[in-house]
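Undergrad: The structure that follows is given in the form of structure tokens.
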Amino acid sequence: MGPRYDTLSQGESLMIVADNTLLCHFFLRSDLGGMARHVREKDGDWIVPTLWRAEFANAIVKAYWACPDPAGGHLRAWDNAFAVMSRCEREVDFHEVVRLGAEKHISAYDAHYACLALKYGTPLVTEDGPLKKAFPGIAMSMKEFLGIADSAGTVRERGATYRVRRKKS
């Protein structure tokens, strides 16, 4: 299926595909905003499909519905995101989008991001569960990308084998 990126070396930097969940955590107020900034610090070379614009605009509309902002904070978030991410846009093959979406049972929107990751041989950082499930080792959470252990999946060291010396009688 392609290269796996679930074992990145500490401090390793490479281009990543940033999906809309990562963009929202980075550019909008979010409990995971700090983690999104750490992802950007670890690797600031993000790419996105042009579709990101519609998805991000939709997230802004929903954020506005949840918390109207007459001061224009939501529009400033759009302006900031557009200023940064418009330079990071890449085209995708729509035939490949449809093929991947149908094969993996994911939305065409998610398939755009997966296509980029596969095309450029780079990780896809997302908080989208179905996308991570469809592309294990390629699509990963921010925690996985940063190498932060998940509290649900505790890492344990394998037990050591010991020899017991018996006393001679």
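Undergrad: Regarding the stretch 104-120, can at least one residue be identified that is free of Cβ contacts under 8 Å to residues at least 12 places away in the same chain, over 19 Å from M15 (Cα atoms) and out of contact with any helix residue (DSSP H, G or I) (no Cβ under 8 Å at 6 or more places or on another chain)?
TA: No - not one qualifying residue is present in the stretch 104-120.
Undergrad: I've got another one for you. Which one of A111, A66 is of a type in the set (A, V, I, L, M) and either open to solvent by less than 80 Å² (accessible area, probe 1.4 Å) or under 21 Å from G137 (Cβ atoms) (or both)?
TA: Values: A66 fails: either open to solvent by less than 80 Å² (accessible area, probe 1.4 Å) or under 21 Å from G137 (Cβ atoms) (or both).
One residue alone meets the criteria, A111.
Undergrad: Return yes or no: is G153 more than 15 Å from the chain's Cα centre (by Cα) and modelled with pLDDT of 95 or more?
TA: Working: more than 15 Å from the chain's Cα centre (by Cα): yes; modelled with pLDDT of 95 or more: no.
Considered against the rule, which asks whether it is more than 15 Å from the chain's Cα centre (by Cα) and modelled with pLDDT of 95 or more, G153 comes out as no.
Undergrad: What do you reckon, is F82 open to solvent by 30 Å² or more (accessible area, probe 1.4 Å) and within 19 Å of F135 (Cα to Cα)? So that I can check it myself, show each step before the final result.
TA: Working: open to solvent by 30 Å² or more (accessible area, probe 1.4 Å): yes; within 19 Å of F135 (Cα to Cα): no.
So F82 fails the test.
Undergrad: Mind listing just one residue for me: the one in the stretch 1-30 that is under 29 Å from C67 (Cα atoms) and at pLDDT below 95 and, of those, surrounded by the fewest Cβ atoms within 10 Å (Cβ to Cβ)?
TA: R29
Undergrad: Turning to a different aspect of this structure: Hey, can you tell me all the residues within the stretch 120-131 that are open to solvent by 10 Å² or more (accessible area, probe 1.4 Å) and under 9 Å from the mean Cα position of the chain (by Cα)?
TA: Of the residues in the stretch 120-131, the ones open to solvent by 10 Å² or more (accessible area, probe 1.4 Å) are 120-121, 127-130.
Selection gives E127, D128.
Undergrad: Please pick out the residue among A134, A117 that is buried (at least 23 other Cβ atoms within 10 Å of the Cβ) and modelled with pLDDT of 95 or more.
TA: Numbers: A134 fails: buried (at least 23 other Cβ atoms within 10 Å of the Cβ).
Going through A134, A117 in turn, the sole match is A117.
The values are calculated or read from the model by the stated rules, or taken from the named source; none is laboratory data. For clarity, every value in this text was computed on a predicted model and none was experimentally measured. Cβ coordinates were reconstructed from backbone atoms using ideal geometry, including for glycine residues, and neighbour counts include every protein chain displayed. Accessible surface is based on the protein model in full, side chains and every heavy atom, while ligands, DNA and RNA are left aside. Shrake-Rupley method; radii C 1.70, N 1.55, O 1.52, S 1.80 Å.
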